[in-house]
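Visitor: One structure, as structure tokens, below. Some questions next.
Read the figures in this text as sums done on the coordinates, not as results from a lab. Remember, it's a predicted structure, so these values are computed and weren't measured experimentally. Cβ placement follows ideal geometry from the backbone for every residue including glycine, while neighbour counts extend to all protein chains displayed.
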Amino acid sequence: MIPDRLVIALLGCAFLVGGCCNCPRGGAAGDEFRLNPPTQPMSAVVAAINANNEKIPSLWAKLNYQVMIKDRGQVHTVTSDDGILLYRRPAEFRLVGNQALVGRIFDLGTNEREFWLEVVPGTNRLWWGTYADLARLDPERLPIPIRPDQVMEVLGVATINGDFNALPVPTMRYNNAADAYVFAFNVKAPDQWLVQKEIWYDRKTIRPRRVILYDGRARPVLQASLSHDMKVQLPNEDPAQW
């Protein structure tokens, strides 16, 4: 059973977000709009993204973060001073927050079949559902405005399906102001197509720089600016391949 509406805004995951993916470059005003570099077709860009991300089987990180939750007309802010992030490819993700003297205050998780969210301060509620439930619903009228499986997109380590006609259907365009490839992933509603998420990749490095998730009315519900890339150590691999 999927609960009534819930709004989640992740604010300031310091180890991931920050910086500016769309800052003007130096030079005369308007130069950024005259960039005409060589670009690659979508199949080549996807192959490069997947070649890097397939090397990353799992991630673990400690972080501090703040979550703002709007539930039944009330807004609750949850601040974690001892957060843990866990990821295992392809679809296992968990974000846990703790507070000193309080214990666990926030727990968001997802796997290939189900998702959950527990918030203790203010609401003391647990939401749970299966993706089979979501698949039967109109994506424009989901009981939650953001799918928990999409929250892990801010890591920028997911692979892209090579079948470009499979849902969510990807499209790619080049943004010369940001010098980035912009991927939009689209889902089918009964009477229209809806954008589900955007991921911006730097043209030169093919690294994710911006992630935007949308609700069923095309309103952004989560935005992350990614910077300060770090190599992930891979056992039995040359450091050049990390």
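Visitor: Net charge around Lys197, counting only other residues with Cβ within less than 10 Å of its Cβ (Lys, Arg = +1; Asp, Glu = -1)?
Guide: Taking every other residue near Lys197 into account, the sum is -1.
Visitor: Distance cut-off 23 Å, Cα to Cα: go down the list Lys62/Lys197; Lys204/Lys231; Lys62/Lys231 and report the pairs above it.
Guide: Lys62/Lys197
Visitor: Within segment 164-197, report the chymotrypsin sites (Phe, Trp or Tyr not before Pro) that DSSP leaves as loop and that have at most 13 other Cβ atoms within 10 Å.
Guide: Answer in residue order: Phe164.
Visitor: Then there's this: Out of segment 79-139, which GluC sites (Glu not before Pro) are coil in DSSP terms and have no more than 11 other C-beta atoms within 10 Å?
Guide: Hits after loop and neighbour filter: Glu112.
Visitor: Please report, in Å, the Rg and the Dmax of segment 186-242, where both are computed over Cα atoms only.
Guide: 16.5, 51
Visitor: Which loop-located trypsin sites (Lys or Arg not before Pro) does segment 38-133 contain, where loop means any DSSP state but H, G, I, E or B and the Cβ has at most 10 other Cβ atoms within 10 Å?
Guide: Those that pass, being in a loop and sparsely packed, are Arg72, Arg113.
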